[in-house]
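All remarks here apply to the structure that follows.
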Amino acid sequence: MTKLAAGFKQIGHYRISDPYSLLPFRFMRLDAGRHVLTNMAGQHLVVPAGIMPELVERRLPTGHPLVPDLEAGHFVTQGADDVHLELLAAQIRTRQARLADMTALHMFVVSLRCDHSCGYCQVSRVSEDRKAFDMTPKTADRAVDLMLRSPSRQLKVEFQGGEPLLNFPVIQRIVERTKKRAGEQDLAFVIATNLAFVTDEILDFCAAHQICISTSLDGPPELHNTNRPRPGKDAHARTIDGINRCRARLGHDRVSALMTCTASSLAQPEAIIDEYVRHGFQEIFLRYISPYGFAVRAANKVGYETEQFLEFYRRGLANILNLNGEGVRMREVYASILLRRMLTSQPTGYVDLQSPAGAGLSALVYNYNGEVYASDEGRMLAEMGDKTFHLGSVHHSTWESLFLDSPLLDMADRTMTEGLPGCSECAFQPWCGSDRVFHHATQGDAVGHRPTSAFCRRNMEIMRHLVRLLEDDPAAAEILRGWAR
């Protein structure tokens, strides 16, 4: 990146008799007949494959119909000034604004206890009666005090488990202590729960403190109950009842749901989406299974190959676009995140698509026992015996030591996709990110090997698919551009 920046100032030296000068960009094949170009700020342009030799050798005639688009997108310049570079720099600063407002998301694992026994569970959960795996009031207080040292102007506090409602008194304590001590920071609270233990008293507290609810809905009853078994085999019924009760007390928009794709889900994306529509949701996250916790042990039952998921995703996205065409409002969350990165300069808070990696810099996890991790996935690895991503403890660490006396700075240094092998030359680099925990878990290497990375393969193919829809399907493109806004 430094060498490129040095070259920017020498643009004038390359002009000689050329009709234009090149600005830094990457390109790769979109399909047999087209290339996609991206600049450093993430703007893209699709061009015929045969154009590339003329373009990069600066032989494209000034009057070629592509030249205005190339200049508007900051791929070439016909002037000798630095206006294009200044505009690119401003867009890059906007995209990286999150770095100055670091660590806004704080996840509190208040209990490992859970009544469900989901095969894909990422956490080493324990049975409901094992209260030794609950966060104590003392640990909660220390975690809150540490969190409030964050320089971020906005703090999002997310309660996780296990099933966090099994230790609701500590949730109450954390909310009240945070609000009392937060000062000028803006606060948001979310409870990630299966809703099996929700009560009127819990809902009253959530209403009083504007707490949002996030739950899991994997699809129709049979699929949901297969993926998320619990005693009584009534997980789906309890979830739907809980969703309705939460909406009635808190408001429709304060309740969201997530699904996880398992091997049982692959054949029925349409049925899963229809279930979300049936229950009044206007968005769905078609989510890949994570290789942590119980999901590793049950991989032969719930796992699948990347290509199988990509087919599931393409079918699901096609179904969602068709529903929009019929007047049903529904969006796919992951596509929306990517489209915002592809079509705007605005930053996104999604941790897995950040460079440097968002682990620690964007999110911290406080485990039930006070241990602090750079990400929820890092905590899950620790439960499996690998503490690579352990940063410290709320009982012994300071805010500064979490960053300066831990692996976090090294993680940030080694997860900048602008310089990673396989990423630095990829046209999709400005839209993508680095997931060090995933590559450590699946490939035994923090950087990872891109040609065999499931993370890389999955993201590249989804991005290719979105670019093709934007280019080739006007009706779909209109819907997708709306999602980016």
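Quick notes on this structure:
- Of all residues in the stretch 315-329 being in a helix (DSSP H, G or I) and among the small types (Gly, Ala, Ser), the one that is nearest to residue 468 (Cα to Cα): 318
- Search result, residues across the stretch 435-452 that are in contact with a strand residue (DSSP E or B) (Cβ under 9 Å, 6 or more places away or on another chain) and of a type outside the set (Asp, Glu): 436, 437
- Residue 233 satisfies every condition listed in (1) of a type outside the set (S, T, N, Q); (2) farther than 17 Å from residue 191 by Cα; (3) surrounded by 16 or more Cβ atoms within 10 Å (Cβ to Cβ) except (3).
- Within the stretch 52-86, restricting attention to residues that are touching a Phe, Trp or Tyr at 6+ places or on another chain (Cβ under 6 Å) and either aliphatic (A, V, I, L, M) or more than 22 Å from residue 29 (Cβ to Cβ) (or both), the residue that is surrounded by the fewest Cβ atoms within 10 Å (Cβ to Cβ) is 78.
- Per-region count, the stretch 453-482, residues touching a Ser or Thr at 6+ places or on another chain (Cβ under 7 Å) and of a type in the set (Gly, Ala, Ser): 1
- Yes/no for residue 124 being in the same structural domain as residue 352 (by TED's automatic domain parsing) and at pLDDT below 85: yes
- A search for C-beta distances below 7 Å between a residue of the stretch 187-206 that is without any contact (Cβ under 8 Å) to a residue 40 or more places away in the chain and any residue that is assigned to a helix (DSSP H, G or I) and among the basic types (Lys, Arg), counting only pairs 6+ apart in sequence or on different chains, returns 187/179.
- From the list 408, 420, the one residue that fits, being without any contact (Cβ under 8 Å) to a residue 40 or more places away in the chain and aliphatic (A, V, I, L, M), is 420.
- Of all residues in the stretch 398-434, those being exposed (fewer than 14 other Cβ atoms within 10 Å of the Cβ), touching a strand residue (DSSP E or B) at 6+ places or on another chain (Cβ under 8 Å) and more than 18 Å from residue 388 (Cβ to Cβ) number 1.
- Residues of the stretch 440-485 that are part of a helix (DSSP H, G or I), β-branched (Val, Ile, Thr) and either in contact with a His (Cβ under 8 Å, 6 or more places away or on another chain) or without any contact (Cβ under 8 Å) to a residue 40 or more places away in the chain (or both): 452, 467.
The values are calculated or read from the model by the stated rules, or taken from the named source; none is laboratory data. Please read all numbers here as calculations on a predicted model, not as lab measurements. Quick reminder, even Gly has a Cβ in these numbers, built from the backbone with ideal geometry, and neighbours come from all protein chains shown.
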